[in-house]
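The numbers here are math on the coordinates, done by the rules we state, and not lab data. Bear in mind that the values here come from a model prediction, so they are computed numbers and not experimental data. Here the Cβ positions follow ideal geometry from the backbone for every residue, glycine too, while neighbour counts run over all protein chains shown.
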């Protein structure tokens, strides 16, 4: 597969649309009964509370039915009942691994709705924090993936060692390690001190060493390659039709990165590349995340070098009594897990009339069955891990 | 060749194993109750109410008299999980500006509901509520023990200075500025009042003389 | 003095027995040995668990257990007390008798293997002529207990785990045996004491251990791989693969029965490492001729603990294989290599002294390794990849 699919190209090409159908239903070998196993909701590797009802023929998966909603917290309805500002801390709880990008997407949507400008320095801070979030999310997702392969947590612990440093940075600027609640409509809440920027530079300087370490530990490991290559193939046609985004989509060979497509914020100013997979399997997803970490580090280096002075809040921005004019807006960013979007309708009141989240985790999860059919039961766990979900975002 | 990647991985873990004995970089564990990490200034967890000690007043307990909170109930309204409960007082008291203000007759925060988002701090126009850094709050009473009342929430301004020095200094400067402005205003008002009174007296006198004439 | 120290346990046993009437002496002397083994190895198990948790912790940049006792040394005792006080839960639909017997069968079968292991000069419980055969017979019966556990639990995860375990252990038993047969061919005996004696000589300061020959090294590596699979250790821990099967065949066990499975697994690890030590690492013989004054049992146990450390190190590094890959690896790589190793061992025997046999044997083995490895990787369709970037 050499040509990369661009979104929209498929609509013109009828031949390519044939692949969008579900894969043929896998037939059992014939003899014996199917073994029905309910994996989860309290299974060691379901990332929280998620259930997969699997029908097995031997160890081969014949059917897979994902069951979720155990962690439903009424996020969208709460968003409609609360003021615009009060929804900001709730977005932290969507994908609790990367709260800053959730903040960013929500702030972007509201800024679009209210026509609010953001000062330059605030944009730089958003990029720095967003890319740090991406690095720590990819590091821990790789750790979880290898953990699910049974490596007794060693890569996960290395990932957490680095994540700890990044979380300390988050705490030093936002006051909280995970529930940051940092961005505001029209800027950021607190300014970064020069000491914080120096600390961030120091952490970023240490990150390539960490990526190299994980690379040496895993990338050429024969067991890992044997386990992941050719497993859980997601065809680009299906990926596009199912609305899969993020590293999953790029591992399926589709060149689609919202940072490049939407040119939101100030991503135009940075020099970075988008890695693509050619084999569409779990190993590609793993490697795309590894390579994206390196690209994120490149963005971080540039942003930390170029960050200008100035205000971090637009003077026209309002914290209290914020009532955007009636209208609607959809703000989206390239979150570490994919396209995270917020759709808001304002009726001019203090709270949104409609508040809708497009969670990348949930939409990437919809192709789980298609990837897992016909695979070994041990690989289901692996494929599930390679989707990289957080149940807080799936169930909302 | 087969086995190459495995050997590389083994080398990496061996390096980490020995490294954990020689370098602090490779052994990040902090043995919590005995060792603690240096506090980070920006840290926040639960809100507390600031009171000024110099503002004491007669027989009242110090904390009650010095509370900056004027029970405006903005934080109660803005709090996303609605964990603040305020009852406004019937009477008024003089605040630090010398203005008569209401005060909270009741101010409860249920920290089992609070999500430490700091929005109450941001919306407070009086710098009366700030974020604490105390995190060892475990209690055996799940409901009552986590419902903090006015007295438990009140903490002196010195404490605020201790946990967030830079931020507190800024707040103090801002408040001093306000006070100067308020004083000037009060002075002007007093002068205006005096002038008005003088004028009224003069008018009355003029009137009297007029009537008398 | 050093000779006394070397034989101290043997002398102690003789001394104790000498108080008894002659009729009872053989019986009691064996009983003493049994008691020592049953006491010593569980103690070693506790230590190994501590070592594993500490070692894994250090590999993962953690401290490991550090609360109970100095350096967390009493942690295994705390674990033991905990498992004893836990409720023993038996599923309602389980086959109660088999469910109860399974952990016992495992521990008993594993303990039997220790009977023939020479743990020092003259320190072997039963010096059997066919010791190796006895050992493998006993080792094979552990599969029974695992299947009993998996079947009787009436749990799908247990059943899958047991199926995997039986398939895996039977497949790896063959290469395990084959790699030992090479040693038997060279040593010319099945008696483990005689195999050690055959290695207990020196040229210069270096010992004549079988691992220092091309066929011995290859055999040892194959032995290590098979023994890891045989004891269900990572990266071959599929039967209890936590992320897939919760805990595999002992999912439905709790409390002390669970601890017995744990004990059985570690004891199997000790005994299989002990056998590997005897076959390839010279058993209780010293690594250098000038160190022969150190008591022989110290050498045996330090080699044992060294192999346990390697087990832990590998566990801390590698992810787990998949069932079909595991089988492919056993039948298409390890087994052909061990078979070839038999041939190489025979060559070694008949080529006589001289440097030629070193070259020939090494070249054959290396070539076979490269070819088999390459074909294996090509068949599995995996290998390093290059990645492109969007323009």
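Evaluated on the range B:47-164, the Kirkwood hydrodynamic radius is 14.6 Å, with distances taken between all distinct Cα atoms.
Per-peptide packing, taken as the mean over residues of other Cβ atoms within 10 Å, places C:97-104, C:244-251, C:257-264, C:82-89 in the sequence C:244-251, C:257-264, C:97-104, C:82-89 from highest down.
The Rg/Rh ratio for the range A:141-183, using Cα coordinates for both the radius of gyration and the Kirkwood hydrodynamic radius, is 1.15. Between the C-alpha center of the range B:144-213 and that of the range C:214-291 there is a gap of 80 Å.
Computed extension gain for residue A:78 through residue A:216, at 0.36 nm per residue and net of the alpha carbon distance, reaches 45.1 nm. Evaluate the relative contact order of the range B:47-164 (contact order divided by residue number), counting alpha-carbon pairs under 8 angstrom at least 6 apart; express in whole percent. Relative contact order, the range B:47-164: 34 percent. Temperature 4 °C, viscosity 1.567 mPa s: under these conditions the Stokes-Einstein estimate for the protein assembly as shown, based on its Kirkwood radius over C-alpha pairs, is 39 µm² per second. Counting only alpha carbon atoms, the long axis of helix A:377-387 and the longest principal axis of chain A meet at about 20°. Place a point 7 Å from the Cα of residue B:112 along the Cα-to-Cβ direction; which residues of the range B:133-147 have their backbone N under 15 Å from it? So the set is B:137-147. Between the range C:104-172 and the range A:290-349, how many Å separate their Cα centres? Using only Cα atoms, the two centres lie 61 Å from each other. FRET efficiency for the residue C:78 to residue C:293 pair, using the beta carbon distance and R₀ = 45 Å, is estimated at 0.70.
From the Kirkwood radius over Cα pairs of the range B:107-213, Stokes-Einstein at 4 °C and 1.567 mPa s returns a whole-number translational diffusion coefficient of 70 µm²/s. Going by the alpha-carbon gyration tensor, a ≥ b ≥ c the square roots of its eigenvalues, is chain C rounded (a/c under 1.5) or, if a/c is not under 1.5, prolate (a/b greater than b/c) versus oblate? It comes out oblate by the Cα gyration axes. Considering the range C:324-391, its Cα convex hull presents a mean projected area of 6.8 nm². In plain terms, the residue of A:57, A:262 with the fewest other Cβ atoms within 10 Å comes first and the most crowded comes last, giving A:262, A:57.
Note that the range C:144-228, at 20 °C in a medium of 1.002 mPa s, gets a Stokes-Einstein diffusion coefficient of 142 µm²/s from its Kirkwood radius over C-alpha pairs. Modelling each spin label as a point 7 Å along the Cα-to-Cβ direction, I'd like the residue C:356/residue C:205 distance in nm, to one decimal. About 3.3 nm separates the two model spin labels. How big, in percent, is the set of alpha carbon pairs in the range C:265-363 lying more than 18 Å apart? Percent of Cα pairs beyond 18 Å in the range C:265-363: 68. Peptide C:300-311 shows a mean partner chain C-beta count of 0 within 10 Å per residue C-beta. Shielding by partners for peptide A:169-177, expressed as the average number of C-beta atoms from other protein chains within 10 Å of each residue's C-beta, is 5. Using only the alpha-carbon atoms, how far is helix B:4-22 inclined from the longest principal axis of chain B? Give it as 0 to 90 degrees, nearest 10. The helix B:4-22 is inclined about 60 degrees to chain B.
Between residue A:42 and residue A:261, the simple spin-label model (points 7 angstrom out along Cα→Cβ) gives 4.1 nm. Look at the stretch C:376-386: the mean tally of other chain Cβ atoms within 10 Å of its residues' Cβ atoms is 5.
Counting every alpha-carbon pair across chain A, the share separated by more than 28 Å comes to 47%.
Ranked by the mean number of other Cβ atoms within 10 Å of their residues, highest first, the peptides A:292-300, C:107-115, C:145-153 come out as C:145-153, A:292-300, C:107-115. A simple spin-label model places pseudo-atoms 7 Å from Cα toward Cβ; at residue B:197 and residue C:47 they are separated by 9.4 nm. Provide the FRET efficiency to the nearest 0.05 for the residue B:34-residue B:173 pair, computing r from the beta carbons and using R0 = 45 Å. Step by step, r from the Cβ atoms, then E = 0.70.
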